[in-house]
Amino acid sequence: MEALLIFAGMALATFVTRYTMIAVLGRPDPARPFGGDEESGGVQPGLLRRWLRYVPAAVLAALVVPAALAPRGELDLGLPALAVLIGAVVAWRTRNVLWTIAAGMTLFWLFRALGW
Amino acid sequence: MRSGSHDFWRGVWATAPLLPGVVAFGLLYGVMARQVGFTPWQAWAMSLIVHAGSAQFAVLGMWGAAGATTIILTTLVINLRHLLMGASVAPHLRDLSPPWKALLALWMSDESYALAIAEYERGRGSHWYFLGANVGIYLAWPAGGLLGATLGTAIPNPGRYGLDLLFPLAFLGLLTAFLTDRISVAVALAGGGLALMGALLLPGKWHVVVAGLLGSALGLLLEEVGKRWKRC
């Protein structure tokens with residue numbers, strides 16, 4: 001029972017981090033946090049909007065690189081790192097999730113079978 | 001007009017390549033949960049109720065030793081990266097009602113966020129797609145946990161089959177949607193590099209928060225510098 005209460009607290013903490021910015025920056029209100037440049041001539045709203053455009057690239061890269069090169073918190077340049085590197089090349093050329101996965105996994109299994 | 005159910009199922013299907021990785025990660029979580037004294041049902045309940053993988057692993061590591069407040073604060077800190085994710089997806093959700101926003105926030109995982117924001121970037125995104133991606137990941141995660149907690153250490157190490165590679169590989173593919181010019185490529189390189197350094201030096205998931213903030217700020221900076229340059 002006590003465990004369930006702790007889980008509920010954790011769920012609430014998680015929800016707060018996920019919902020806060022969606023609620024604050026997703027408002028359709030007249031302050032126009034996103035559409036400011038033309039309508040209000042304000043500099044701040046435009047800046048915020050342009051900054052947000054770069055967030056996904058930074059966050060996705062920040063999730064990928066440590067997962068590939070330091071999955072356990074220390075640098076590990078073994079076969080998984082090589083497979084992700086090949087995946088990066090294929091992603092760059094094809095811009096396709098499935099081809100990227102196929103290339104990285106094929107290389108991983110091939111080298112595994114060869115005894116790496 | 002695209003239909004909601006079509007987009008919903010497209011979102012669910014889009015999670016398919018990631019699911020073996022999510023389930024493998026869930027198995028590992030389940031095994032660890034048993035080791036700290038959880039019953040299989042508790043392991044399952046935690047995944048179902050909390051639905052935050054990294055935070056759950058961190059909490060298992062302190063279970064029994066830390067009080068409820070510490071556990072909840074740790075969860076909050078590890079999930080701070082979702083502030084950045086929420087901020088960047090927020091402009092796409094402006095026209096939704098508050099209940100819809102709350103529903104999408106509730107199960108927003110790293111994976112479903114990445115799928116949804118990439119789809120929005122490509123002009124095919126919708127809240128139904130986002131919900132579908134959320135649901136796909138949401139169902140797989142506790143299933144893996146329950147299985148791992150039931151089977152115990154009988155399961156093989158997911159690293160042997162490269163299942164832990166699915167996450168970075170899929171995210172690379174999704175990342176390319178945002179590499180539209182030289183500035184965004186610089187942002188991704190900076191974000192990745194800073195995150196790697198941060199992962200070696202900082203605890204928890206701070207590296208994602210720091211690299212996400214600094215990397216995106218660099219993008220804005222380069223954009224401003226570029227404008228001044230042209231004006232001169």
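Coordinate-derived values only; no laboratory data. Model, not experiment: these values are computed from the prediction. Don't worry about glycine lacking a Cβ; one is built from the backbone with ideal geometry, like all the others, and counts go over all protein chains shown.
If you average the C-alpha positions of the range B:136-210 and of the range A:3-29 separately, how far apart do those two centres end up, in angstrom?
If you average the Cα positions of each part, the centres end up 22 Å apart.
Within 10 Å of each Cβ in B:149-160, how many Cβ atoms from other chains are there, averaged over the peptide?
0
Percent relative contact order of the range B:4-166, based on C-alpha pairs within less than 8 angstrom and at least six residues apart?
Values: 204 pairs, mean separation 82.5, N = 163.
It comes to 51 percent, rounded to a whole number.
If each DSSP helix of 4+ residues adds -39,500 (n - 2.57) and the sum is divided by the residues in chain A, what number results at 222 nm, nearest 500 deg cm²/dmol? Please report the intermediate quantities before stating the final value.
Numbers: 5 runs with 89 residues, N = 116.
Here the helix-only value at 222 nm equals -26000 deg cm²/dmol.
What value in Å³ per residue do you get for the convex hull of the alpha-carbon atoms in the range B:179-232? Before the final figure, lay out each step's value.
Details: hull volume 3.4 nm³, N = 54.
So the per-residue Cα hull volume is 62 Å³.
Mind listing the Cα extents of the protein assembly as shown along all three principal axes, in Å, largest one first?
Principal-axis extents of the Cα atoms in the protein assembly as shown, largest first: 65, 50, 44 Å.
Using every pair of alpha-carbon atoms in chain B, split the distances into 5 Å bins beginning at 0 and state the percent of pairs per bin, rounded to integers.
1, 6, 12, 16, 18, 17, 13, 8, 4, 2, 1, 1, 0, 0
Counting each DSSP H run of 4 or more residues in chain B as -39500 (n - 2.57), what helix-only mean residue ellipticity at 222 nm follows after dividing by all residues, to the nearest 500 deg cm²/dmol?
Numbers: 12 runs with 171 residues, N = 232.
Dividing the helical sum by the residues of chain B leaves -24000 deg cm²/dmol.
Could you tell me, in Å, what Rg and Dmax come out for the Cα atoms of the range B:2-133?
Taking only Cα atoms of the range B:2-133, I get Rg and Dmax of 16.4, 51 Å.
Can you give me the Cα centroid spacing of the range A:47-78 and the range B:77-102 in angstrom?
The two parts, judged by their Cα centres, are 19 Å apart.
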